[in-house]
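The values are calculated or read from the model by the stated rules, or taken from the named source; none is laboratory data. The model shown is predicted, which means the values in this text are computed figures rather than measured ones. We place every Cβ from the backbone using ideal geometry, glycine too, and count neighbours over all the protein chains shown. What goes into the accessible areas is simple: the full protein's heavy atoms, side chains included, and nothing from ligands, DNA or RNA. Shrake-Rupley method; radii C 1.70, N 1.55, O 1.52, S 1.80 Å.
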There are 2 protein chains.
Amino acid sequence: MTVNQLVDPNDPALRSWVESANDPAGDFPIQNLPYGTLDGGVAVRIGAKALRLRDALDADLLVRKLTDNEDFQYAAHTAWLNGIAELEPEQQSMLRRNLAHLFAAGSPAKAKVERLLIDAESPTDEPPFVVGDYTDFYASLHHATNVGSMFRPNNPLLPNWKHVPIGYHGRASSIVASGTGIVRPHGQTVSSDDGPPAFGPSKLLDYELEVGFFVGRGNQLGATIPIAEAWSHIFGFCLVNDWSARDIQKWEYQPLGPFLAKNFATTVSPWVVTREALEPFLVAGPPRSADDPKVLAYLDDPNGRNVDITLEVLVSSAAMRDKGLAPTLVSRGSFRDMFWTPAQMLAHHASNGCPMMIGDLLASGTVSGTTKESRGCLLERTWRGTEPIALGDGTERKFLQDGDEVVMRGWCERAGYPRIGFGECRGIVLPARA
Amino acid sequence: MTVNQLVDPNDPALRSWVESANDPAGDFPIQNLPYGTLDGGVAVRIGAKALRLRDALDADLLVRKLTDNEDFQYAAHTAWLNGIAELEPEQQSMLRRNLAHLFAAGSPAKAKVERLLIDAESPTDEPPFVVGDYTDFYASLHHATNVGSMFRPNNPLLPNWKHVPIGYHGRASSIVASGTGIVRPHGQTVSSDDGPPAFGPSKLLDYELEVGFFVGRGNQLGATIPIAEAWSHIFGFCLVNDWSARDIQKWEYQPLGPFLAKNFATTVSPWVVTREALEPFLVAGPPRSADDPKVLAYLDDPNGRNVDITLEVLVSSAAMRDKGLAPTLVSRGSFRDMFWTPAQMLAHHASNGCPMMIGDLLASGTVSGTTKESRGCLLERTWRGTEPIALGDGTERKFLQDGDEVVMRGWCERAGYPRIGFGECRGIVLPARA
């Protein structure tokens with residue numbers, strides 16, 4: 001195989017000999033090829049299957065420029081995606097086209113590859129990247145306005161919000177793989193605004209529907225990432241559930257922001273959809289209104305791109321799962337509605353010289369749209385519990401109960417192009433420790 | 001050498017054959033033995049000298065129980081302290097007593113050890129630990145009250161403050177070694193409270209005098225660190241300069257806390273003073289007043305211990321250093337004045353099941369006392385610039401100027417015991433990038 005034989009996976013007509021990849025309702029056509037880790041190794045997903053990169057390397061299925069590259073050899077033998085993200089952009093592109101070549105209908109490599117495919121649904125118990133630092137933004141105008149109106153009725157959207165992509169540091173050590181059980185956290189909560197607090201299990205446990213992205217190219221301390229280059233510094237995207245204990249948050253968050261209300265767990269989906277796979281779905285963000293301030297130059301992206309990702313949250317109680325009932329669709333929105341784009345978040349983060357590192361996770365904050373159905377957390381969706389949601393088993397939810405499973409899904413679609421999906425981001429609420 | 005020959009470094013009468021270790025004004029007597037990294041290797045400091053642990057290992061200067069231990073062999077050959085902190089407590093204790101044996105006056109190992117000693121002042125360009133997550137607290141009542149009265153005149157100390165050890169996540173990637181130049185950050189700042197903002201170099205650059213501690217034993221996701229055990233989970237302490245851009249902070253910090261105002265750089269001192277070395281200096285914290293709320297059980301430490309560390313900040317301009325003038329003492333306070341103790345910060349952090357990892361850095365927040373001289377940042381020390389400080393070259397400072405060097409020092413002393421010091425935490429302000 002020569003470098004010239006490599007196949008462009010972004011060709012919408014391309015099909016795979018892996019039959020499950022051609023399912024029009026599936027998330028993982030040959031145009032997607034997201035990376036994750038499986039059985040302790042870096043892998044690429046195609047349909048219901050996956051191929052470990054070290055197996056592809058060992059079976060001599062890759063072009064010489066990859067096979068002979070020591071950085072790639074190392075990356076293929078690790079259990080996290082950091083090494084892949086660290087490859088030169090040309091090598092990443094070559095790898096993606098090489099993998100498409102292997103999976104393309106009519107590929108001469110089919111027989112050799114088929115023997116190496118493994119079941120992609122096997123659970124992984126680690127996040128796909130070693131995350132050095134995790135930052136959570138607050139980039140949805142609708143979310144910020146809704147939550148602001150509950151916590152600060154007289155002052156819902158603060159004067160800085162439309163100027164600054166507001167964000168705060170999260171906790172990297174509590175980022176967990178999809179499927180990890182979420183122990184209901186203890187914390188200080190109050191019944192009146194000024195206390196006194198009691199310490200016990202959170203009663204107002206919530207999810208937050210977010211989109212995350214991993215940094216693929218960073219910057220040195222004191223340097224920056226110019227806005228026009230920021231998109232190309234992103235390796236890929238995932239779904240994020242930023243679990244939140246609203247009662248703990250309300251009491252602790254002033255003046256330095258959320259802390260224990262958030263850092264007990266943050267779930268990420270296992271398959272990282274590359275920037276390249278999402279490029280067919282870039283759209284202009286919502287237009288700024290005439291009243292909105294002009295964006296400052298360091299955030300003014302000439303290519304200003306949101307990603308049009310449809311997002312869903314489904315909730316099931318333990319009883320529903322026992323009875324085989326389908327989970328209840330609780331929220332559906334789109335990432336295209338965000339006020340601040342991923343490139344703006346990244347350029348802002350590095351604008352003071354803060355070093356961004358390969359594998360750092362940046363998340364968008366809750367994705368909420370204009371409609372009630374598109375609100376991305378229960379706090380908003382039930383309007384602080386005043387409008388409970390009916391689940392499929394006849395019970396109601398203001399906030400999450402023990403045994404509830406939250407499933408997030410996301411996908412991109414448009415006419416004439418295969419659907420590019422993220423798979424699922426799952427977590428079941430476990431009882432507080434005794 | 002047998003295990004029985006090991007020497008207790010906490011014996012106050014113990015002296016070293018390394019003459020500089022016996023200087024009563026020095027920071028590093030044989031009772032201290034802090035760890036750091038030097039020339040790419042883990043090292044222990046004694047007086048003006050240091051011994052790399054891999055050199056001690058290669059020269060067969062350590063007891064068999066260490067030499068034969070694979071974890072120790074690995075730890076001794078790395079460039080960070082994480083491996084040392086990961087050793088079993090008994091092994092850490094054995095290592096400390098073994099090193100004291102090597103350095104003790106009259107040690108039969110003197111001739112072999114002396115050949116291996118290196119100059120401890122050689123600069124290191126990496127922090128001593130690989131820090132997974134960094135958390136900054138806000139544990140000084142005086143600091144919180146002073147700053148609160150400036151940012152929220154009607155509401156200086158929020159109702160949660162005396163109940164919750166308030167903290168927030170910092171940025172691990174911008175933790176830098178002492179001596180690293182600090183580039184003045186760009187950011188959004190406003191001239192009136194509601195904007196509009198301009199983007200440019202911070203004009204109100206500040207230091208914050210803090211004490212940090214590294215986690216030596218962590219907890220699993222969903223588990224906790226009980227308050228009575230929290231002290232023993234700490235590996236050791238350092239000085240921290242939490243550089244802060246006050247004008248950026250003021251505009252960005254609501255509602256999610258400080259972000260770009262802080263994450264451009266955080267300097268740590270190079271030598272990590274172990275918990276064991278500080279135990280002779282544990283004191284009761286300031287008594288809670290009759291009006292103070294009773295501390296909740298999960299934070300109620302029967303051994304409630306502050307550490308009595310005297311802390312100083314010195315500032316010099318470039319002109320002062322050119323002329324050979326001594327730096328100006330700007331602040332002197334004590335860590336004993338903190339409202340929340342290190343054990344309380346750590347127990348609180350893990351109380352919701354957040355996993356603490358070996359090498360995580362927790363910092364105290366600015367250490368300020370009751371007097372003007374003990375205020376630990378310029379914001380407080382100059383009362384927002386209204387009471388400038390005179391430097392030794394006749395100039396004044398409201399905030400830091402380019403070329404200013406900030407030096408922090410800390411030490412413990414009491415009658416009948418050698419002084420245990422931290423050395424210095426240094427940084428020079430560099431001009432904003434063009």
Self-check item: Net lengthening on full extension, A:Gln220/A:Lys65 (0.36 nm per residue, minus Cα-Cα)
Solution: 53.0 nm
Quiz item: Mind checking which of A:Tyr207, A:Tyr74, A:Tyr35 has the largest fluctuation in a GNM of chain A, springs on alpha carbons under 10 Å?
Solution: A:Tyr74
Quiz item: When the Cα centres of the range A:62-76 and the range A:180-217 are compared, how far apart do they sit, in Å?
Solution: 43 Å
Practice problem: Report ³J(HN,Hα) in whole Hz for each residue of the range B:3-18, in order, from the Karplus equation J = 6.51 cos²θ - 1.76 cosθ + 1.60 where θ = phi - 60°; Gly and Pro get x. | Solution: 4, 5, 7, 5, 10, 7, x, 7, 6, x, 8, 5, 10, 10, 6, 7
Practice problem: Using only protein heavy atoms and a 1.4 angstrom probe, determine the accessible area buried between A and B, summed over both sides, in Å² to the nearest 100. | Solution: 5400 Å²
Quiz item: Considering the zone a paramagnetic label at B:Glu121 would reach in this model (a point 7 Å from Cα along the Cα-to-Cβ line), which residues of the range B:20-34 have amide N under 16 Å from it?
Solution: B:20-23, B:25-28
Practice problem: Sort the range B:150-271 into rounded, prolate or oblate with this rule: let a ≥ b ≥ c be the square roots of the eigenvalues of the Cα gyration tensor; rounded if a/c is under 1.5, and if a/c is not under 1.5, prolate when a/b is larger than b/c, oblate otherwise. | Solution: oblate
Quiz prompt | Exam field: A:Pro12 pseudo-label spacings to other copies (7 Å along Cα-Cβ), nanometres | solution = 8.2
Practice problem: Give the share of C-alpha pairs in each 10 angstrom bin for the range B:1-135, from 0 to the last occupied bin, in whole percents, shortest bins first. | Solution: 13, 46, 35, 6, 0
Self-check item: Residue among B:Asn241, B:Asn154, B:Asn303 with the largest mean-square fluctuation in a Gaussian network model of chain B, springs linking Cα atoms under 10 Å
Solution: B:Asn154
Quiz prompt | Interface residues, the range A:245-264 - accessible area loss of 50 Å² or more versus chain alone, probe 1.4 Å | solution = A:Trp251, A:Gln254, A:Pro255, A:Leu256, A:Phe259, A:Leu260
Quiz item: Of all the accessible heavy-atom surface of the range B:66-133, with the other protein chains kept in place and a 1.4 Å probe, what percent is carbon and sulfur?
Solution: 49 percent
Quiz prompt | Carbon + sulfur, % of accessible area of the range B:297-434 - ligands and nucleic acids excluded, 1.4 Å | solution = 50 percent
Self-check item: Over 18 Å between alpha carbons, listed pairs B:Lys250/B:Lys372; A:Lys203/A:Lys372; A:Lys49/A:Lys112; A:Lys250/A:Lys372; A:Lys203/A:Lys398; A:Lys250/B:Lys250
Solution: B:Lys250/B:Lys372; A:Lys203/A:Lys372; A:Lys250/A:Lys372; A:Lys250/B:Lys250
Quiz item: What's the long-distance tail for the protein assembly as shown, i.e. % of Cα pairs beyond 40 Å?
Solution: 40 percent
Quiz prompt | Between the range A:12-43 and the range B:326-389, the Cα center-to-center distance that results, in Å | solution = 52 Å
Quiz prompt | Probe 1.4 Å, protein heavy atoms only - accessible area per residue of the protein assembly as shown in square angstrom | solution = 36 Å²
Quiz prompt | Binned Cα-Cα distance frequencies in the range B:134-430 - 10 Å width, integer % | solution = 6, 29, 36, 22, 6, 0
Practice problem: May I ask for the net charge around B:Glu19, where only other residues with Cβ less than 13 Å from the Cβ of B:Glu19 are counted and Lys, Arg are +1 while Asp, Glu are -1? | Solution: +1
Quiz item: Inter-copy label distances at A:Arg321, 7 Å along the Cα→beta-carbon direction, one decimal in nm, shortest first?
Solution: 5.9
Quiz item: Mean residue ellipticity at 222 nm from the helices of the protein assembly as shown, using -39,500 (n - 2.57) per DSSP H segment of n ≥ 4 over the full residue count, to the nearest 500 deg cm²/dmol?
Solution: -5000 deg cm²/dmol
Quiz item: Which percent, nearest 5, of DSSP beta bridges in the protein assembly as shown are antiparallel?
Solution: 90 percent
Practice problem: Provide a list, ordered by number, of residues in the range B:122-164 showing at least 30 Å² less accessible area with every protein chain present than when their chain is taken on its own, using a 1.4 Å probe. | Solution: B:Asp133, B:Tyr138, B:Leu158, B:Pro159, B:Asn160, B:His163, B:Val164
Practice problem: Output the residues of the range A:397-434 meeting this criterion: accessible area (heavy atoms, 1.4 Å probe) in the chain alone minus accessible area with all protein chains in place is 40 Å² or greater. | Solution: A:Arg433
